[in-house]
Amino acid sequence: MTMDRKTAFLVVDDFEPMRKVTASQLRSIGGNNILMANDGAEALRMLQNKHVDIVLSDWNMPVMTGLELLKAVRADAKLAHLPFIMITAEAERYRIEEAIAGGVDDLLVKPYTAICLAERVEKALTTQMHTHRSLAPAHAAAKPAAPQQAAEQADPAFPLEPARPTILVVDDTADNLLLLSHLLNDEYRVRIAHSGEKALTICQSDDPPDLVLLDIMMPGMDGFEVARLMREHPTSEGIPLIFVTAMTGEDERHKGMQLGAVDFVTKPIDPDALKLRIHNFMRYVGLQKQLQANYDGMLELARLREQVEDITRHDMKGPLAGVIGLVQTLAYDSKLDSEQVSQLRMVEDTALQVLDMINLSSELFKIETGRFQLDAKPVKIGEILKRIVEIAQTTFAEKQLDISFETDTAALLLRGDALLCYSLFQNLIKNACEAAPAHSMVSVTLADGSPACITIRNRGVVPAAIRDRFFGKYVTHGKQGGTGLGAYSARMLAEAQNGTIALEVSDPENQTTITVMLPRPETGK
């Protein structure tokens with residue numbers, strides 16, 4: 001397996017030996033253009049000034065962690081589609097979910113082999129080249145593969161029939177090597193080494209063993225020295241180690257444990273006891289591999305969710321917007337009586353509510369994780385506000401509210417997303433109408449300017465207990481069935497369109513005012 005020699009890699013790790021090992025592994029597969037950074041902050045500066053094709057980052061680093069770097073990359077429009085592989089020893093599920101939500105392309109669990117690294121890098125680069133992340137057609141992405149196709153497309157790092165675990169037996173006595181090989185080769189793949197130097201070469205290679213059975217008394221480099229050097233190298237530091245020795249003293253046992261041995265087996269060997277001990281420790285190896293497989297499964301589910309969101313956005317929002325447009329056109333038909341117009345308005349109201357739910361379920365997730373990309377276009381905000389006010393007048397008719405919309409710039413254009421504006425102001429106006437006392441006034445005003453200013457006022461004040469966190473997530477007060485997402489989603493939708501939102505409360509006037517500022521088109525008003 002080889003890489004394009006022009007591919008530019010950025011390796012980010014605060015541990016210098018690990019950076020060098022990763023760079024060496026990349027060079028072994030043809031990667032010659034390798035940049036290295038000590039932490040996320042240095043990496044981000046390099047990304048902003050140098051061309052990079054893929055990032056391989058450790059998780060836990062000072063100054064800026066790998067997760068913080070990932071979020072910064074996904075929030076930058078120029079870097080958002082850059083393949084990003086997180087290298088981690090994390091086991092907490094919620095942290096892995098956070099990385100996945102942040103838009104990581106792959107997760108690689110330490111320790112890993114050069115072969116596994118190469119496969120993950122090739123997969124990330126290939127996926128980016130063909131799909132540019134979420135830009136692939138939703139229909140094609142969501143089509144399930146046939147069983148045979150699924151088998152053929154399975155991740156090559158995790159074949160359907162996994163290879164047997166590998167055990168390295170290290171002993172300078174040929175009879176001992178032969179005995180242990182015959183004892184274990186029916187269940188495991190057995191490799192042998194006659195010296196400590198040969199054992200280190202195997203353990204620090206691209207294909208290290210899963211477990212090492214190590215003799216202590218060997219000429220040249222003894223077992224203790226082998227264990228010490230294994231623990232100092234990133235490729236071999238996590239390999240379970242069992243000393244198989246005739247030395248039975250407590251001092252030797254203590255020294256071996258200090259060097260990271262998981263067990264001592266004394267010679268002469270009890271074959272049944274040894275096989276049982278090895279079986280128990282290989283369960284640990286299996287759990288480590290299962291951890292990687294679990295992360296892969298979580299990542300695959302997250303990608304499936306993103307594909308479903310793409311279907312929601314492209315296959316539902318487009319037709320839904322068309323329905324809203326048709327209903328609005330029909331509602332102005334002079335041939336219809338008031339009852340028919342009222343029914344059309346009910347259809348429009350329902351469609352807008354569905355549109356709002358779609359935005360909350362799909363767009364907010366992307367905005368929160370820094371993966372939302374605004375496709376800004378001119379928006380006729382006056383028409384949107386006018387329609388939402390008309391719908392609110394029907395919806396809240398029983399409260400006999402005086403809901404007004406005022407503007408002297410009906411043709412004013414914003415630079416944003418029309419569907420997001422629908423959801424943004426539908427939430428705010430609905431909240432204002434719900435909070436306003438019966439028979440009171442709710443006013444919506446659109447003022448010219450750069451940026452444009454939209455104000456929503458209602459009688460009644462936001463409770464003092466929640467004013468400081470009014471736009472926070474899940475903040476609600478005394479509202480039966482309230483989710484606390486209305487004001488929060490409004491803030492997120494405003495900021496996603498490069499706007500701002502503010503709350504002003506006047507206790508003497510018993511009035512609440514929400515002010516939204518949204519940018520105008522760059523070409524002018």
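Remarks
- On the stretch given as segment 201-219, residues that are surrounded by fewer than 20 Cβ atoms within 10 Å (Cβ to Cβ), within 22 Å of TYR112 (Cα to Cα) and in contact (Cβ under 8 Å) with a residue 12 or more places away in the chain total 5.
- Being at pLDDT below 85, under 20 Å from LYS123 (Cβ atoms) and surrounded by 11 or more Cβ atoms within 10 Å (Cβ to Cβ) is a property that PRO162 lacks.
- Qualifying residue in segment 213-226 (condition: at pLDDT below 80, more than 24 Å from ALA89 (Cβ to Cβ) and not hydrophobic (A, V, I, L, M, F, W, C)): no
- VAL11 outside any loop (DSSP other than H, G, I, E, B) and within 22 Å of the chain's Cα centre (by Cα): yes
- Residue list for segment 53-63, restricted to those being crowded, with 19+ Cβ neighbours inside 10 Å and either more than 21 Å from VAL121 (Cα to Cα) or not β-branched (Val, Ile, Thr) (or both): ASP53, LEU56, SER57, ASP58, TRP59, MET61
- If the condition is being closer than 14 Å to LEU179 by Cβ and not β-branched (Val, Ile, Thr), then segment 247-272 contributes LYS267, PRO268, ASP270, PRO271, ASP272.
- Being under 30 Å from ASN427 (Cα atoms) and either among the β-branched types (Val, Ile, Thr) or at pLDDT 70 or above (or both) is a description that applies to LEU320.
- Selected residue (criterion: surrounded by the most Cβ atoms within 10 Å (Cβ to Cβ)) from residues of segment 256-277 that are under 44 Å from the mean Cα position of the chain (by Cα) and closer than 13 Å to LEU214 by Cβ: GLY256
- So LEU401, is it of a type in the set (A, V, I, L, M, F, W, C) and closer than 25 Å to PRO437 by Cα: yes
- Taken together, the residues in segment 225-255 that are part of a strand (DSSP E or B) and under 39 Å from the mean Cα position of the chain (by Cα) amount to 2.
Quick grid of which residues meet (1) part of a loop (DSSP other than H, G, I, E, B); (2) surrounded by 18 or more Cβ atoms within 10 Å (Cβ to Cβ); (3) touching a Cys at 6+ places or on another chain (Cβ under 8 Å); (4) among the acidic types (Asp, Glu):
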residue	(1), (2), (3), (4)
CYS421	no, yes, no, no
GLY472	yes, no, no, no
LEU503	no, no, no, no
ILE514	no, yes, no, no
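- Residues located in segment 15-35, provided they are closer than 16 Å to ILE85 by Cα and touching an Asp or Glu at 6+ places or on another chain (Cβ under 8 Å): MET18, ARG19, THR22, GLN25
- Flag for LEU401 being out of contact with any His (no Cβ under 8 Å at 6 or more places or on another chain) and either surrounded by 13 or more Cβ atoms within 10 Å (Cβ to Cβ) or over 24 Å from GLU495 (Cβ atoms) (or both): no
Yes/no per residue for (1) closer than 29 Å to VAL73 by Cα; (2) modelled with pLDDT of 75 or more; (3) surrounded by 19 or more Cβ atoms within 10 Å (Cβ to Cβ):
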| position | (1), (2), (3) |
| --- | --- |
| LYS335 | no, yes, no |
| THR350 | no, yes, no |
| SER361 | yes, no, no |
| GLU368 | yes, no, no |
| GLN373 | yes, yes, no |
| LYS377 | yes, yes, no |
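- The number of residues in segment 435-475 being within 24 Å of LYS399 (Cβ to Cβ), touching a Gly at 6+ places or on another chain (Cβ under 9 Å) and not β-branched (Val, Ile, Thr) comes to 6.
- Meets criteria (in the same structural domain as MET441 (by TED's automatic domain parsing), touching a strand residue (DSSP E or B) at 6+ places or on another chain (Cβ under 7 Å), among the aliphatic types (A, V, I, L, M) and within 17 Å of MET517 (Cα to Cα)) for LEU420: no
- Qualifying residue in segment 38-45 (condition: in a strand (DSSP E or B) and either in the same structural domain as ALA118 (by TED's automatic domain parsing) or under 21 Å from ASP106 (Cα atoms) (or both)): no
- The condition of being closer than 21 Å to THR126 by Cβ and buried (at least 16 other Cβ atoms within 10 Å of the Cβ) holds for only one of GLY40, GLY66, GLY31, that being GLY31.
Yes or no, residue by residue, for (1) polar (S, T, N, Q); (2) at pLDDT below 85:
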{"residue": "THR2", "(1), (2)": "yes, yes"}
{"residue": "THR7", "(1), (2)": "yes, no"}
{"residue": "VAL12", "(1), (2)": "no, no"}
{"residue": "PHE15", "(1), (2)": "no, yes"}
{"residue": "MET18", "(1), (2)": "no, yes"}
{"residue": "THR22", "(1), (2)": "yes, yes"}
{"residue": "SER28", "(1), (2)": "yes, yes"}
{"residue": "GLY31", "(1), (2)": "no, yes"}
{"residue": "ILE34", "(1), (2)": "no, no"}
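The values are calculated or read from the model by the stated rules, or taken from the named source; none is laboratory data. All values reported here derive from a predicted model rather than from experimental measurement. Quick reminder, even Gly has a Cβ in these numbers, built from the backbone with ideal geometry, and neighbours come from all protein chains shown.
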